[in-house]
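Below is one structure, written out as structure tokens; comments come after it.
Readers should treat all values here as calculations from the given coordinates under stated rules, not as data from a laboratory. All figures in this text were calculated on a predicted structure; none of them were measured in a lab. Every residue, glycine among them, receives a Cβ derived from its backbone with ideal geometry; neighbour counts consider all protein chains shown.
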């Protein structure tokens, strides 16, 4: 495991032989559900290779909330932390290798290595900022403006994610996304 998770926490590097059994690596094909909406999240996933999406089913309508790529951490944190049913599903977009850490293993790590707490706080803060920006964008920006922001700030999404998921993320239909893409090619 080549973990970026360890680069900021040298103690974990030093103790890797003792803790490696806590981390479970697996490869999953595209469209694999790692967490189903309504289930209680018991794992945090580190993406070694591939892409995942966090999404919600709103009365049959697929709403993608966030995309995750290599060297990112994903979980339904609300479910994981509060031990309540998840409002989201986590699904692979492409063939993906993840390393999972169970809630119990996480608790063991935090207890054994309290120096990881500032790192975890930073990760959670980054996630909170991302959600806040997404929420504000959905309120104040047009779909076209949101698409343009993706082009500038997150081109990897446009390169790697299927169009219907991007449309879902932007809050529009795939047909509307095609029109927006066409207009932006002309400008």
*Any idea what Rg and Dmax come out to for the chain if you just take the C-alpha atoms, in Å?*
17.7, 57
*Hey, if you drop one equal point scatterer on each alpha-carbon of the range 141-187 and run the Debye formula without solvent, what base-10 log of I(q)/I(0) do you get at q = 0.24, 0.28, 0.34 Å⁻¹?*
-0.85, -1.17, -1.50
*Compute the relative contact order of the chain as a whole-number percentage, counting only Cα pairs closer than 8 Å that sit 6 or more residues apart in sequence.*
23
*Do you know the relative contact order of the range 141-187, to the nearest whole percent, from alpha carbon pairs under 8 angstrom that are 6+ apart?*
33
*What whole number of Å gives the distance from the Cα centroid of the range 25-50 to the Cα centroid of the range 156-171?*
19
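Compute the length gained on full extension between residue 83 and residue 40: take 0.36 nm times their separation in residues and subtract their Cα-Cα distance, giving the result in nm to one decimal.
Full-extension gain reported as 14.9 nm.
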*Going 7 Å from the Cα of residue 103 in the Cα-to-Cβ direction, what parts of the range 39-68 have a backbone nitrogen less than 13 Å from that spot?*
39-44
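Can you tell me, using C-alpha contacts under 8 Å and at least 6 residues apart, the relative contact order of the range 106-184 as a whole percent? List each step's numbers first, then the result.
Working: 26 pairs, mean separation 15.7, N = 79.
That works out to 20 percent.
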_Helix-only CD estimate at 222 nm, as mean residue ellipticity for the chain, using -39500 (n - 2.57) per DSSP H run (n ≥ 4)_ = -14000 deg cm²/dmol
